[in-house]
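The values are calculated or read from the model by the stated rules, or taken from the named source; none is laboratory data. Nothing here was measured: the structure is a model prediction, and the numbers come from that model. Please note: Cβ atoms are built from the backbone with ideal geometry, for glycine as well, and neighbour counts cover all protein chains shown.
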């Protein structure tokens with residue numbers, strides 16, 4: 001068994017760090033380090049300037065909404081829960097969730113529950129994300145950003161979950177949120 005002291009001890013030593021790239025969304029830093037085995041090495045970290053926010057909208061019949069778009073980074077089409085970025089220090093993650101749900105789907109929710117906090121890929125980035133469940137929905141008008149060419153798909157939660165299980169949804173944030181929500185539902189906690 002690992003003691004509490006062993007869990008919090010940082011075995012890495014940073015010798016120096018240099019900013020290698022930056023834009024309005026991310027920065028990339030390269031650090032010269034001494035790794036846990038005592039050997040010199042390098043470590044790169046991608047810092048996101050926004051907090052990731054995702055929303056699982058659910059209506060009274062357990063329908064949900066997915067957003068589809070072509071992802072430049074993957075060079076393929078992707079179905080995902082509505083997601084966006086929370087500007088750090090200017091807006092709460094819940095305010096961002098409400099804004100993103102409306103922008104991407106045209107939905108307004110009266111009832112919000114935080115589902116989870118997660119780190120998206122903690123071996124290379126310090127990005128943190130929050131997922132919410134939005135209920136008591138009403139339809140308004142979607143107004144996506146100019147960089148978004150979105151398709152909106154309303155389907156039953158179980159069908160979306162099956163897409164996760166079948167590998168048809170591969171967005172890690174969406175997969176984690178839908179799987180966690182299903183476990184909570186099965187335990188009667190949601």
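Condition check ((1) assigned by TED's automatic domain parsing to the domain that holds residue 95; (2) touching a residue at least 40 places away in the same chain (Cβ under 8 Å); (3) in a loop (DSSP other than H, G, I, E, B)) across all residues:
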residue: 19; (1), (2), (3): no, no, no
residue: 24; (1), (2), (3): no, no, yes
residue: 29; (1), (2), (3): no, no, no
residue: 36; (1), (2), (3): no, no, yes
residue: 41; (1), (2), (3): no, no, no
residue: 55; (1), (2), (3): yes, yes, no
residue: 68; (1), (2), (3): yes, yes, no
residue: 73; (1), (2), (3): yes, no, yes
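Within the stretch 86-118, the residues that satisfy the criterion of being modelled with pLDDT of 95 or more and more than 20 Å from residue 138 (Cβ to Cβ) are 86, 92, 93, 114, 115, 116, 117, 118. Between 131, 97, 52, the distinction of being under 30 Å from residue 13 (Cβ atoms) and surrounded by 13 or more Cβ atoms within 10 Å (Cβ to Cβ) belongs to 52 only.
Every residue, every condition in (1) closer than 23 Å to residue 152 by Cβ; (2) within 15 Å of the chain's Cα centre (by Cα); (3) not in a strand (DSSP E or B), yes or no:
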| residue | (1), (2), (3) |
| --- | --- |
| 97 | yes, yes, yes |
| 103 | yes, no, yes |
| 109 | yes, no, no |
| 112 | yes, no, no |
| 117 | no, yes, no |
| 129 | yes, yes, no |
| 138 | yes, no, no |
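Each row is one residue, and each column tells you yes or no for (1) surrounded by 14 or more Cβ atoms within 10 Å (Cβ to Cβ); (2) closer than 16 Å to residue 116 by Cβ.
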| residue | (1), (2) |
| --- | --- |
| 149 | no, no |
| 152 | yes, no |
| 155 | yes, no |
| 166 | no, no |
| 172 | no, yes |
| 185 | yes, yes |
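In a residue-by-residue description of the stretch 142-149, the property of being in contact with a strand residue (DSSP E or B) (Cβ under 8 Å, 6 or more places away or on another chain), in the same structural domain as residue 76 (by TED's automatic domain parsing) and free of Cβ contacts under 8 Å to residues at least 60 places away in the same chain applies to at least one position.
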